[in-house]
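Encoded as structure tokens, the structure appears first; notes follow it.
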Amino acid sequence: MITNLQDIQAKLNPLTKDTDKDGIKDAEEDNDSDKLNTKEEFIVGTNSTNADSDKDGITDGEEDRDNDKIANYLEFELGYNPKNSDSDRDGLKDGDEDFDRDGVPNSL
Ligand SMILES: [Ca+2]
Ligand SMILES: [Ca+2]
Ligand SMILES: [Ca+2]
Ligand SMILES: [Ca+2]
């Protein structure tokens with residue numbers, strides 16, 4: 001049996017090389033400058049060579065795939081799940097969580 005994680009890692013395996021030899025692995029490259037690297041685009045399900053995969057004028061990084069008021073690229077930065085509006089399943093949406101505990105929700 002193959003788990004989702006193993007599946008993802010297997011597909012990413014070829015991306016561990018550094019094709020353009022700039023010191024950044026292919027998986028970490030952001031080829032289309034949409035704030036998501038290749039690995040992140042793979043996780044979100046967007047095109048790593050197109051900054052606006054669905055052509056709606058919003059770049060893949062700025063899209064909010066799970067409608068939790070946090071842009072995809074920020075979800076990765078904060079360690080949230082870009083495909084789950086409540087990553088820690090505590091009933092509070094990621095955008096309503098207060099990551100840095102400054103009394104202001106993430107989305108503001
Ligand atoms: Ca993209
Ligand atoms: Ca878009
Ligand atoms: Ca989320
Ligand atoms: Ca939560």
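The values are calculated or read from the model by the stated rules, or taken from the named source; none is laboratory data. No experiment lies behind these values; they were computed from the predicted model shown. Methodologically, a virtual Cβ is constructed for each residue, glycine included, from the backbone with ideal geometry; neighbour enumeration extends over all protein chains shown.
Here are the numbers for the structure shown:
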| read-out | value |
| --- | --- |
| Residue list for segment 67-96, restricted to those being away from ligand 2 (no atom under 16 Å from the Cβ) and in a helix (DSSP H, G or I) | Phe76, Glu77, Leu78, Asp94, Gly95, Asp96 |
| Meets criteria (under 16 Å from Ser33 (Cα atoms) and without any contact (Cβ under 8 Å) to a residue 40 or more places away in the chain) for Asn50 | yes |
| Scan of segment 43-95 for residues that are among the basic types (Lys, Arg) and either buried (at least 16 other Cβ atoms within 10 Å of the Cβ) or closer than 21 Å to Leu108 by Cα (or both), ordered by number | Arg65, Lys69, Lys83, Arg89, Lys93 |
| Residue that is surrounded by the most Cβ atoms within 10 Å (Cβ to Cβ) [pool: residues in segment 17-32 that are in a loop (DSSP other than H, G, I, E, B) and touching a Ser or Thr at 6+ places or on another chain (Cβ under 8 Å)] | Asp32 |
| Inter-residue pairs, beta-carbon under 9 Å, first under 13 Å from Lys35 (Cβ atoms) and modelled with pLDDT of 95 or more and in segment 64-93, second hydroxyl-bearing (Ser, Thr, Tyr) and not in a loop (DSSP other than H, G, I, E, B), 6+ apart | Pro82/Tyr73 |
